[in-house]
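For reference, the structure is listed below as structure tokens.
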Amino acid sequence: MPWAPARSEPNRIAEAPRCPVVAIDGPSASGKSTVAKSLAQALGIAYCNSGLVYRAITWGLIAKGVTIEREPVFKTTVRQMKIECQIEGNELHVRIDGKEPGQEARSPEVNAAVSHVAASPWLRKRLLPIFRQLAEEHSLVMEGRDIGTAVFPATRYKFYIDADPKVREQRRQKQGETDSIEDRDWEDRSRTAAPLRCAADAAFLDSSRMTVEEVVRRLLDELRKRGFPLPEGPSAP
Ligand code: DC
């Protein structure tokens, strides 16, 4: 897996995050969540699913009957929301006005609306400092769509995980979800603000024919090559 600095990428901030961050991006059902969780566990650091933040906000908006199309109301409602993102037990927890959405973050209503909400440049800009703040105190594996390109462009530890669309569709069905990942992927790739892209300096991996363990092993090898501070001792990965 080659590594080259992505000097031409827009939005690149000069400063590296204070704590080491592993950025994992990729489309829906590419296997990145399972891999990111497992990798974070192997490294003994926090696992952050950035999609959960967009899902929690969408859940909060739906509860208030607000859609992205009602733009002034959308912005006012988000401004009034108390959005809390905290690492607890080595995992990101998101609360909207003091409540966690739980399973409702994956409801069909949220599935249908979340990519429209996530397409808002205004919202994405508002969330950047919230995501970045997490790396002030915690080493992280953060997964999403723009973690290596927009949220932590200066991290050296970045991956893009993809899989064959048929494999992804099957994985989605196994998870018991029936939403169209094709539509959501199209939305995520074609939006103007931080669209889903493989960063030029990300290691690319096609997970279609790989087990989770194989992918995690490849990621650990690459992290070692890139100088990630791996834990030492008998249980070291
Ligand atoms: O990973 P997920 O399916 O839970 O993400 C939900 C939605 O949020 C999906 O449409 C992609 C979007 N998202 C995003 O735009 N940027 C991120 N960093 C994470 C998720």
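Yes/no per residue for (1) among the basic types (Lys, Arg); (2) within 20 Å of Ser107 (Cβ to Cβ):
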| residue | (1), (2) |
| --- | --- |
| Ala163 | no, no |
| Val167 | no, no |
| Lys174 | yes, yes |
| Glu177 | no, yes |
| Ile181 | no, yes |
| Thr192 | no, no |
| Arg197 | yes, no |
| Ala200 | no, no |
| Leu205 | no, no |
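Within this structure, Val73 passes the test of being free of Cβ contacts under 8 Å to residues at least 24 places away in the same chain and of a type in the set (A, V, I, L, M, F, W, C). Go through Ala150, Ala135 for me and flag whichever is surrounded by 18 or more Cβ atoms within 10 Å (Cβ to Cβ), in contact with a Lys or Arg (Cβ under 9 Å, 6 or more places away or on another chain) and farther than 30 Å from Arg70 by Cα. Only one candidate passes the filter, namely Ala135.
Which of the residues spanning region 153-170 are in contact (Cβ under 8 Å) with a residue 60 or more places away in the chain and open to solvent by 60 Å² or more (accessible area, probe 1.4 Å)? The answer is Arg156, Glu169. Considering region 96-123, the residues that are farther than 11 Å from Arg55 by Cα and without any contact (Cβ under 8 Å) to a residue 40 or more places away in the chain include one that is most open to solvent (accessible area, probe 1.4 Å), namely Lys99.
The conditions of being open to solvent by 10 Å² or more (accessible area, probe 1.4 Å) and closer than 15 Å to Trp122 by Cα are met by Val73. Scanning region 141-160 for residues that are in a loop (DSSP other than H, G, I, E, B) and more than 10 Å from the ligand (Cβ to nearest atom) yields Phe152, Pro153, Ala154, Thr155, Arg156. Suppose we filter Arg209, Arg224 for residues that are open to solvent by 20 Å² or more (accessible area, probe 1.4 Å), charged (D, E, K, R) and either in a loop (DSSP other than H, G, I, E, B) or touching a residue at least 60 places away in the same chain (Cβ under 8 Å) (or both); which single one remains? From the options Arg209, Arg224, the qualifying one is Arg209. Among the residues making up region 13-58, those that are open to solvent by 30 Å² or more (accessible area, probe 1.4 Å) and touching a strand residue (DSSP E or B) at 6+ places or on another chain (Cβ under 7 Å) are Pro20, Ser33, Lys37, Asn49, Leu52. Number of residues in region 171-205 that are crowded, with 16+ Cβ neighbours inside 10 Å, touching a strand residue (DSSP E or B) at 6+ places or on another chain (Cβ under 7 Å) and outside any loop (DSSP other than H, G, I, E, B): the value is 2.
The values are calculated or read from the model by the stated rules, or taken from the named source; none is laboratory data. Being a predicted model, the structure only gives us computed values, none of them experimental. Ideal geometry is used to build each Cβ from the backbone, glycine not excepted, and the neighbour counts take in all protein chains shown. Ligands, DNA and RNA are stripped out before the accessible areas are found, and what is left, the full protein with its side chains, is counted by its heavy atoms. Shrake-Rupley method; radii C 1.70, N 1.55, O 1.52, S 1.80 Å.
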